[in-house]
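**Q** Have a look at this one.
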């Protein structure tokens, strides 16, 4: 393999891993509060389509990203109301959110399929971007990649070093104790759910406004689900979410590697790699008995102590 | 304001009224949506819910559409009873279609009577194979079946696309991603003349009856229900949990595989890239909507099949996007989950906000847990 190829692979790895990183960070916060939201895929798709439509009609990428975040928040609000106010099963509600988001995004996006827009362009820093191997990976990405790193830093600090982060974890580990000492369990969980929605919306719009950039039905192609597996892979630790997202990014662009090495494999078979990698990761982590102990203890269990 | 008050026990009546309420709310939302879109809501409603089945041909097509959904959903009712979340009916259906197609393509010039049974068995084997992997992953490696079955849906779709673009592509098909047409001996016989209603419907109805008997009259069915209600009770009673998980997952996988082969060897007649518009996912909604009960599932299947036909009809006649169907599917499930709160709670109008009392909170807590089972 030549240097150019490695440079490009590293660049594409980070770029492909970015939406996974963003959505997984949101889900991480959500799960830390004890809420399992399986609706990531649906929220991502809504973010993708809303971001795309807004950018296409206003010409502003910023407005597109903001609208996508709002769309994700609104979607997660539906999830929040049904699981928290009506104490519905989180698994079923998350699935419903994905089915609904898939349908609604396809519905409102019908007339926008294949329309061209100018997506978010990578930045180019003289000298640094041209460095061999790591130049494009670290200094030639678009702004959202850097934003995702900032988000990662923020989430890492929040969970590990901040007082609200401690409250979040307390609520996720034992909501009854948290409630007993006067922590606002419902409020914390709502905020965590909404943050998850915002991140999923943003991640979706990264796909439609920067990565591809266009709108296609079902364009997230399971990334929302992979992000859920990523959080398991990361043992609910922020730093491992970053590592995992980039590794999955690499698994998704392995066809570039194969092509570069001169193999010819069916693109459809190569497309199964990220999903196979997800299953492999789940198998390795789940068969280890200790790994399940790190999940937030109340994950997926509804909290009822509300008067 | 309106307050939720625990009933103390689950309301059987509400458990059956909730799906009906959900369907009505979905319809109501549809009316609002159509008005907003500038479509005459009444016309839209009749186009979706009545026009597709206004004649006998339409009714027959309803049965054709219902067949794969019913097969998938009745299988899912068994796994869901055991509280195993097989979201992979879609992938198992695709694998059934793929395996069945492979077998059918081996007998292109053969009109013997054994061809069709071989094709059907291959389809079932495809579903069993795909669900079997998920079962092994769950039982032996403790992986979350929701994530593995979802991943396997994507993998199955890509394998099918690979096959139809590669090894199973018709060499004389002008490079279209389609297999050769199956020989007549591999095609399911038509049950009613001049329609597309095929033998798969009979198999689906047979499966419904068989699973009804299995779940309500057999010891295995009893064990599966206990497993779903209380894992530790099942274990303490000496039930073989692993075997039950294998059984439930394989049963649902085999039926989904049959649904898949029923499509390629039924109305389609060859392998194409899109053998299912998401029947496997729709079946999840059907299973919930039908309360995991055979009779409920048959009714919910008919509604779902009608939604598919109504979506197509609305696209042709009113120019609405085809995604209308999946939008309504999602809405339906949302409303169902929301209405299900009424199974464990009743609505009560209160004039003032009650004071917060920890004791009351704990009491409510236990009541809720009992009420919601």
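The values are calculated or read from the model by the stated rules, or taken from the named source; none is laboratory data. Predicted model, so just to flag it, every value in this text is computed and none were measured. Every residue, glycine as well, gets a Cβ built from its backbone with ideal geometry; the counts of neighbours run over all protein chains shown.
**Q** Just to confirm my filter: which helices (runs of 4 or more DSSP H) fall fully inside the stretch B:200-309 and include at least 1 residues that are buried (at least 24 other Cβ atoms within 10 Å of the Cβ)? First the steps, then the outcome.
**A** Values: elements: B:219-229, B:231-236, B:241-263, B:279-289.
Here the list reads B:219-229, B:241-263, B:279-289.
**Q** For the list (1) in a loop (DSSP other than H, G, I, E, B); (2) within 10 Å of chain B (Cβ to nearest Cβ); (3) under 29 Å from residue B:320 (Cβ atoms), I need the number of the one condition that residue A:116 fails.
**A** Among (1) in a loop (DSSP other than H, G, I, E, B); (2) within 10 Å of chain B (Cβ to nearest Cβ); (3) under 29 Å from residue B:320 (Cβ atoms), the lone unmet condition for residue A:116 is (2).
**Q** Still on this structure, please answer the following. All but one of (1) at pLDDT 95 or above; (2) under 19 Å from the mean Cα position of the chain (by Cα); (3) over 22 Å from residue B:296 (Cβ atoms) hold for residue B:68; state the number of the condition that does not hold.
**A** (3)
**Q** I'm trying to understand the selection: among the residues of the stretch B:313-342, which are facing another protein chain (nearest Cβ under 7 Å) and either in a helix (DSSP H, G or I) or touching a residue at least 24 places away in the same chain (Cβ under 8 Å) (or both)?
**A** Taking the stretch B:313-342 and keeping what is facing another protein chain (nearest Cβ under 7 Å), we get B:321, B:323-324, B:326-327, B:329-331, B:333-334, B:337-338, B:340-341.
Across the stretch B:313-342, the qualifying residues are B:324, B:326, B:327, B:329, B:330, B:331, B:333, B:334, B:337, B:338, B:340, B:341.
**Q** Given the options B:197, B:209, B:190, name the one that is more than 14 Å from chain A (Cβ to nearest Cβ) and modelled with pLDDT of 95 or more.
**A** Numbers: B:197 fails: modelled with pLDDT of 95 or more; B:190 fails: modelled with pLDDT of 95 or more.
Only one candidate qualifies: B:209.
**Q** Say whether the condition of being crowded, with 24+ Cβ neighbours inside 10 Å, outside any helix (DSSP H, G or I) and within 14 Å of chain A (Cβ to nearest Cβ) is met by at least one residue in the stretch B:66-81.
**A** No - not one qualifying residue is present in the stretch B:66-81.
**Q** Within the set of pairs 6 or more residues apart or between chains, which connect a residue that is more than 16 Å from residue B:201 (Cα to Cα) inside the stretch B:50-62 to a residue that is outside any helix (DSSP H, G or I) with Cβ atoms less than 6 Å apart?
**A** Going by the 6 Å Cβ cut-off, there are no qualifying pairs.
**Q** Are any residues in the stretch B:83-106 surrounded by fewer than 24 Cβ atoms within 10 Å (Cβ to Cβ) and closer than 24 Å to residue B:239 by Cβ, and if so, which ones?
**A** B:83, B:84, B:85
**Q** Restricting to the stretch B:291-304, name every residue that is within 14 Å of chain A (Cβ to nearest Cβ) and under 10 Å from the mean Cα position of the chain (by Cα).
**A** Within the stretch B:291-304, B:304 is the sole residue that qualifies.
**Q** Something else: More than 14 Å from chain A (Cβ to nearest Cβ), crowded, with 24+ Cβ neighbours inside 10 Å, part of a helix (DSSP H, G or I) and more than 14 Å from the chain's Cα centre (by Cα), is that true of residue B:126?
**A** Numbers: more than 14 Å from chain A (Cβ to nearest Cβ): yes; crowded, with 24+ Cβ neighbours inside 10 Å: yes; part of a helix (DSSP H, G or I): yes; more than 14 Å from the chain's Cα centre (by Cα): yes.
Yes, satisfied.
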